[in-house]
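In what follows, a structure is listed as structure tokens, so that the remarks can point back to it.
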């Protein structure tokens, strides 16, 4: 520690820190524009110039390290003069259009100008104007207002990892632009809006809809992925007008993904259900709550009584709250129904998940940065969980090596040391090769089917093995593609084997905001809340589809998008005697299969808890009143249980639900992170029965693009217009296009068993041969199954 | 006037056949120092000491002692290090490096090779401004010849020492003459100065320790080591060792490059350049390139051409770029041209320079066009002072200093322009 003085205040500080950091910690204000604690130092705005004793010129506080005995004067005449002159320069070309600028009222330039600007300008020349750029649906530009701090440029280079904005030309002509006319497509792009100190970059969907001082700021948790980024909702009246990050160093630092920033647009979508709906003799009628709930209670009662409670199936979104998951299972289990699942896109349930784990990551998000070897198995981490990908990227910047095993050569925003791009049917073979390269006699091999026992590692697998072996801290990620894979159980066992040989750790990248919470709450057919044992297990999500039930309870899901076997699920729903959908939205499909639709409040309108992948229980309160007659889902479930005379549903607040579960979890034994070797390996040999070892014929590869993950993002217009979301339809490898002589002018017909759809197609060079990629297309069969492709002549 | 010695350092090949050829250079003792170093493995400290004694000061404009600069590079630190030659030569009025590279490229190459040896760098880059096609070709030829003669490359002449270098053409930005902007440009990035510290000696090209010197500085090194530090110091005067090339341009009868001892009186240099054209009276001189303060005739005529004397006179030696202006010169027009140059060449990074250079240029042009007001003169001074010392690199100072000095020395001429909406100088050129 060294001693310095700022404005006469004696401070003991770390050597090497910059004056501005020290001042910020001591609560001494120094104006700044280009400096941002999360970005590299540019020292270009010159606003933070301060007088330092014995320095001939004022020095930039952001770029001047403290030294022993240094005396800094932030209020001296010399300092103020320097800062005022910089402010004069900043203002000469800045348009004084604050009244029509979205940033007005929350503008750093406006704020500082109040303190350092003059009332009258000496500048009588014409002001600079810059033509606006269209950089996509998310960010509005008004580059005449730009003060060239380059925060947005540095964000792209340093955080987003993709250089989309730059400063072109020089001097007064310098402007922020995309080098080649184009959009800004990073999945973190919206952060430049918060970084921009002026109104040059603002939110396009929010534009001109409210003033900063008209809105109230209310905290919440992001509902789309397992990070659970901390958010502020900016609310005017009862409307969420926009979403910005809430600083949480351990979770999302100061950033949020675009998905979390713009999904609020869906809250006012025309599909919102605002009144309970009941179908009577094929006609939908709006009704009141008591009537609708009574219909549900009665219908479920009849089916339970006549056909048995196991004729009821419940499918819940992995992004529902912990409280909703808990109440769903508590209610249905009281009726005698164990058929409840939230793992909707999973296709392989042969290896049962053990007791629920309190986290899916072996560590905190911040700790991820300090692993030095990663193996990503079946994951486009960058688009699946952007803020977790950011941590891996930071690790790479510190020297970590990342290997990936994927069926698609995804575009990561960090250097991938070893990429195994493999036929999706051979992922387990690849992992077995890596394991064999690590240890030819690994005990796991004796439990594996023959086709994996006999592999011999190829050089690429050897290279991955060598990389992992050389690591000090190794982390393996099982991504959504691996978790949803038809050999998911095998992949998990192999990943555990590799983790064991490398002293590594395993992380599960479950989908949804509350996948860990859903497991703890018992929203699975084979374990109850807090891992409690069940007398007889129920049916998993796939089984409920393959063996149709007479009644279904659907919680915040749209099966055509959210379920692995979408067409089959819809068929099962169509044939059911009774379907109740708790949902924030309705759709034509839902109106077809459902009998009752109960309007559930949106994530902004209910209290609840999400348990993120790192195991943090993050509770939040409702920020706005539910629209129309929509009600928080936990309250709906409470009343349904009351109608069924289930004991223990006297909750008056969602926190009581949470605390009840929390106590059970604390009392239960199963609390640690799942560690290597926990998989029950006895069933692994059975995989040979289902394996197509020929790799002949086409295979379907299904992915859920990041702006299709849940009902909210699917209804957010701006997100739907992004470049990322144009990755839809059907994509085929170049090999398939040539082999089938596909005509780009016409759609292709895809067929899986009885299901077929016709869609436009395009070539994707990132795909291996024999692969047909679909973006979670409804109306087909197994997401990773064999598929036929034809192209008839369209007249 | 006694005859002034000339062309003894960087121009020593002038007057010989094929001055740029390897044969000519070697016939004059070229590469002897390099060969001796390779053979004897002269301790680098000794070489630095000779340079320190010689008082060779940076010829690019800043005048920093070269020996001292070389001692800053952490020679023994592991990893790649670089030597870079700044041949960007973009300051208006400067054209000396061009002639060194056209007529004596080998001396620069030998100087860089020695620098590489001293600093433990095995790679050198010679960064030239984009317009230097002819010097580029000359340097390319020279490099080829040097390589073919085994004077560059791996294990040079069996010494176990490696050094090779490359010529690189920029794209014509003034700012790339600033050494850190040059490094950025060399790395393939936009030429923008870096914040210092860290200095290139510790964090230079690709983040590695790097020594950057001007062409003339490197080219002075071999002959200093051949003839001794004292010999070089004695060519000039104390603290201002050696000869310096002055690029004399403007209203003289014989514009051109003159390599003369530092300390040569300006009037002698003017006489060598054939005196002021048409017998006109001298009005003012910018002695070191467009960025340094202008000096009126009465001051410059009493001044010697060396670092310390010009500093005392209120200007700077800079790159030795002497712009001579006679009585027909309109100082407002000259300043308008200079201000426009810095406005166009500001990189745009720092607020005061990006915004201030355009403001200065527009106000001066307005005065020049007869639309000025008297209060503009104070405004110009004030704006200039607010740019000075407030920016990452010296371009801000370079833009401000001419404005301050022109108004200081020629205020009445600016005032006349404003009041009469025309030039004080009749029949101005």
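Quick notes on this structure:
- Label-point separation, residue B:4 to residue B:426 (7 Å along Cα→Cβ), nm: 3.5
- Inter-chain shielding of A:160-170 (mean C-beta neighbours from other protein chains, 10 Å cut-off): 2
- Cβ crowding within 10 Å averaged over residues, with B:336-349, B:119-132 ranked highest first: B:336-349, B:119-132
- FRET efficiency for the residue A:417 to residue A:756 pair, using the beta carbon distance and R₀ = 41 Å, is estimated at 0.50.
- Rounded, prolate or oblate (a/c below 1.5 giving rounded, otherwise prolate when a/b exceeds b/c) for the stretch B:1-47 by Cα gyration tensor: oblate
- Residues residue A:307 and residue A:692, FRET efficiency given R0 of 30 Å [Cβ-Cβ distance, rounded to 0.05]: 0.25
- DSSP beta bridge pairing in chain A, given as percent antiparallel to the nearest 5: 55
- Relative contact order of chain B, taken over Cα pairs closer than 8 Å and 6 or more residues apart, is 16 percent.
- The stretch A:504-658: C-alpha gyration tensor shape, a/c 1.5 cut-off, then a/b vs b/c: rounded
- Rounded, prolate or oblate (a/c below 1.5 giving rounded, otherwise prolate when a/b exceeds b/c) for the stretch A:742-795 by Cα gyration tensor: oblate
- For the segment B:340-352, counting C-beta atoms of other chains within 10 Å of every residue's C-beta and taking the mean gives 6.
- The order of A:213, B:34, going from fewest to most other C-beta atoms within 10 Å of their C-beta, is A:213, B:34.
- Per-residue Cβ neighbour counts within 10 Å put A:259, A:246 in the sequence A:246, A:259, beginning with the fewest.
- In the stretch A:571-663, the DSSP beta bridges split such that about 45 percent are antiparallel, to the nearest 5.
- B:76, A:254 arranged by Cβ crowding within 10 Å, fewest neighbours leading: B:76, A:254
- The mean count of C-beta atoms from other chains within 10 Å of the C-beta of residues in A:91-104, rounded to a whole number, is 1.
- Within the stretch A:53-97: backbone nitrogen closer than 13 Å to the residue A:14 label point (7 Å, Cα to C-beta): A:66
- Candidates B:77, B:291, B:87: whichever shows maximal mean-square fluctuation once chain B is modelled as a Gaussian network with Cα springs under 10 Å: B:77
- Peptides A:345-352, A:532-539, A:513-520, A:738-745 ordered by average Cβ neighbours within 10 Å, highest first: A:513-520, A:345-352, A:532-539, A:738-745
- Residues of the stretch A:570-607 falling in the label zone of residue A:284, defined by backbone nitrogen less than 13 Å from a point 7 Å along Cα to beta-carbon, are A:581, A:583-599.
- Distance between the modelled labels on residue A:621 and residue A:40, one decimal in nanometres: 4.4 nm (7 Å Cα→Cβ projection).
- Taking chain A and dividing mean pair separation by its residue count, relative contact order in percent (alpha carbons under 8 Å, at least six apart): 13
- The label-point distance for residue A:766 and residue B:166, in a model that sets each label 7 Å from Cα toward Cβ, rounds to 3.2 nm.
- Taking every DSSP beta bridge that has both ends in chain B, the antiparallel portion is near 45%.
- If the segment from residue B:155 to residue B:202 were pulled out straight at 0.36 nm per residue, it would be longer than the present Cα-Cα gap by 14.3 nm.
- Sites residue A:78 and residue A:124, calculated FRET efficiency, Cβ-Cβ separation with R0 25 Å, nearest 0.05: 0.35
Each value in this text was obtained by applying a stated rule to the coordinates, not by laboratory testing. Since we're looking at a predicted model, the values are computed, not measured. With ideal geometry, Cβ positions are generated from the backbone for all residues, glycine too; neighbour counts draw on all protein chains shown.
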